[in-house]
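Visitor: First the structure, then my questions, so here it is.
The values are calculated or read from the model by the stated rules, or taken from the named source; none is laboratory data. These numbers were taken from a predicted model, which means no experiment stands behind them. Don't worry about glycine lacking a Cβ; one is built from the backbone with ideal geometry, like all the others, and counts go over all protein chains shown.
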């Protein structure tokens, strides 16, 4: 069974937890379980912002991959997916360029390890 963007976000959170905070996987899971409505009680803002960003990047990367393979039947490169995500400026408010690039790169790597079917 192919991965969903939820699975990609979970794996990326595990990989990024050493750099962006050990609680990142738990925050991502909390966001997934909340259905995107956000927590009722706010924890440290940075962690919540990173978890939400990671989920958004995973969903966006997943959508880009599926749309591109549906149209061309050829998988887009990692750089094409990453570049398309970076062109969405409003998605990255409140995080550094380094954090943004690290999140995008890890998500794209995870996506391409087990790509979705078009």
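Visitor: Of all residues in the range 77-118, count the ones that are touching a residue at least 60 places away in the same chain (Cβ under 8 Å) and over 20 Å from residue 25 (Cβ atoms).
Guide: Selection size over the range 77-118: 3.
Visitor: Still on this structure, I have one more. For the range 56-73, give me each residue that is touching a helix residue (DSSP H, G or I) at 6+ places or on another chain (Cβ under 9 Å) and under 18 Å from residue 113 (Cβ atoms). Explain how you work it out, then say what you get.
Guide: Here is the first cut: in the range 56-73, the residues touching a helix residue (DSSP H, G or I) at 6+ places or on another chain (Cβ under 9 Å) are 56-65, 68.
Hits for the range 56-73 are 57, 58, 59, 60, 61, 62, 63, 64, 65, 68.
Visitor: Under the condition of being surrounded by 15 or more Cβ atoms within 10 Å (Cβ to Cβ), within 15 Å of the chain's Cα centre (by Cα) and not in a helix (DSSP H, G or I), which residue from the range 65-118 is modelled with the highest pLDDT?
Guide: It comes out as 115.
Visitor: Now for a different question. Condition (residue is outside any helix (DSSP H, G or I), modelled with pLDDT of 80 or more and under 12 Å from the mean Cα position of the chain (by Cα)) applied to the range 13-26: is it met by at least one residue?
Guide: The answer is no; no qualifying residue exists.
Visitor: Follow-up question, since we're still on this one. Conditions: (1) in contact with a helix residue (DSSP H, G or I) (Cβ under 9 Å, 6 or more places away or on another chain); (2) modelled with pLDDT under 90. Residue 33 meets all but one. Number of the miss?
Guide: Here residue 33 clears every test but (1).
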